[in-house]
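The values are calculated or read from the model by the stated rules, or taken from the named source; none is laboratory data. Not measured: the values here are computed from a predicted model. Counting neighbours? That spans all protein chains shown, and the Cβs are built from the backbone with ideal geometry, glycine included. Only protein heavy atoms, including side chains, enter the accessible area calculation; ligands, DNA and RNA are left aside. Shrake-Rupley method; radii C 1.70, N 1.55, O 1.52, S 1.80 Å.
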Amino acid sequence: MTPDETIDARGLLCPLPVLKLSKRMKSLQIGGTACLLADDPAAVVDVPHFCAESGHELVEMTQAEGHQAYLVRKAK
């Protein structure tokens, strides 16, 4: 799946990756997707928590070379 937005937050520490994701999610249409690239160890906890709190769907989390990729779908 090709995301509508890609957010490169590699090199940023908590809470910046989730703040960048939150800001981009606001501009997406319902059903749109964003891919967050992050290497902050806290993102493994922060991104799923953000999705649970905001109602967005964490579609997929994958491990890439030196970082994680989080695919998030915007909910209502």
Open item on the list: Rounded to the nearest 5, what % of DSSP beta bridges with both residues in the chain are antiparallel?
Closed with: 75
Task: Hull shadow area, averaged, the chain [alpha-carbon convex hull, nm²] - done: 4.3
TODO: Provide the per residue accessible area, probe 1.4 Å, for the chain, rounded to a whole number of square angstrom.
DONE: 60
Task: Helix-derived mean residue ellipticity, 222 nm - over the chain, DSSP H n ≥ 4, -39500 (n - 2.57), to 500 - done: -10000 deg cm²/dmol
- [ ] With springs connecting C-alpha atoms under 10 Å apart, model the chain as a Gaussian network and identify which of L13, L37, L58 has the largest mean-square fluctuation.
- [x] L13
Task: Within-13-Å neighbourhood charge of K74 [Cβ basis; K, R +1; D, E -1] - done: +2
Task: Computed lengthening from M1 to V44, 0.36 nm per intervening residue step minus Cα-Cα distance - done: 13.4 nm
Open item on the list: Angle check, please: helix 43-54 long axis (alpha carbons) against the longest principal axis of the chain (alpha carbons), in degrees 0 to 90, nearest 10.
Closed with: 20
Task: Within straight-line cross-link reach of K76, aspartates and glutamates at Cα separation under 16 Å, skipping those fewer than 8 residues along the same chain - done: E53, E57
TODO: Return the carbon/sulfur percentage of the accessible area of the chain, one whole number, probe 1.4 Å, all protein chains in place.
DONE: 53
Task: Ranked order, H49, H56 - accessible area, probe 1.4 Å, largest first - done: H49, H56
TODO: Quick one: angle between helix 16-27 and the longest Cα principal axis of the chain, in degrees between 0 and 90, rounded to 10, please.
DONE: 20
Open item on the list: Multiplying the sequence separation of E60 and C14 by 0.36 nm and subtracting their Cα-Cα distance, what value in nm do you get?
Closed with: 14.5 nm
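What ranking of K20, K76, K26 comes out by heavy-atom accessible area, probe 1.4 Å, highest first?
Values: K20 90, K76 215, K26 155 Å².
My answer, sorted largest first, is K76, K26, K20.
Using only the heavy atoms of the protein chains and a 1.4 Å probe, how would V18, V44, V72 rank by accessible area, largest first? Kindly include the intermediate steps, with their values, before the conclusion.
Numbers: V18 25, V44 65, V72 0 Å².
Per-residue accessible area, sorted high to low, gives V44, V18, V72.
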